[in-house]
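Report on the following structure.
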Amino acid sequence: MIKHLVFWKMKPVADNRTGKENAEVMAQRLNALKTVIPFAVEIEAGVNFNETSAAYDVGLYSAFKTKEDLNAYQKHPAHLQVAEWINSGITESRAVVDYEIEGV
């Protein structure tokens, strides 16, 4: 099983919304991918409530059966549309971790 984790820090204001508002929109758009990308085993996004300086604002957890499925997800038109909006300047930084769990 392939696990794909992504975390974003939002800009305080961007796209005529606050960072918190953009975080909520981002989580909604990412969660909506569950209904259009059938080869994703799981997709779950949420807005962080931890206020420490090390915390990110939005987290995405997704799981795929194979690396090929993860690659297909990253090229899927619905994912690309959300990614384009995310990369339009609403975030300050991003962290990604992809790993494989054997035997799952």
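Between residue 55 and residue 74, what is the spin-label point distance in nm, taking each point 7 Å from the Cα along the Cα→C-beta axis? Between residue 55 and residue 74, the simple spin-label model gives 2.9 nm. As a calculated quantity, the FRET efficiency between residue 99 and residue 16 at R0 = 35 Å, using C-beta atoms, amounts to about 0.45. You can think of it this way: the chain between residue 67 and residue 88 has 4.9 nm of extra reach, that is 0.36 nm per residue less the Cα-Cα gap. Output the relative contact order of the chain, whole-number percent, from Cα pairs under 8 angstrom with separation of 6+ residues. Relative contact order here is 45 percent.
Annotation: amide H-H contacts under 5 Å for residue 57 (H modelled 1.01 Å from N, sequence separation of 5 or more, or interchain): 8, 9, 10.
For residue 3, a cut-off of 20 angstrom between C-alpha atoms picks up these lysines, skipping any fewer than 8 places away in its own chain: 34, 65, 67, 75. Roughly how many percent of the accessible protein surface of the chain is carbon and sulfur, given a 1.4 Å probe and a whole-percent answer? The computed percentage sits at 52.
Scan (i) 23, 21, 10; (ii) 24, 16, 11; (iii) 33, 19, 10 for the value of semi-axes √(5λ) of the Cα gyration tensor in Å calculated from this model and give just the label. Calculated semi-axes √(5λ) of the Cα gyration tensor in Å: the matching label is (ii).
The values are calculated or read from the model by the stated rules, or taken from the named source; none is laboratory data. Every value quoted in this text rests on a predicted model; they were computed, and no experiment measured them. Every residue, glycine among them, receives a Cβ derived from its backbone with ideal geometry; neighbour counts consider all protein chains shown. When the accessible area is computed, the model is the full protein with side chains, heavy atoms only, and any ligands, DNA or RNA have been set aside. Shrake-Rupley method; radii C 1.70, N 1.55, O 1.52, S 1.80 Å.
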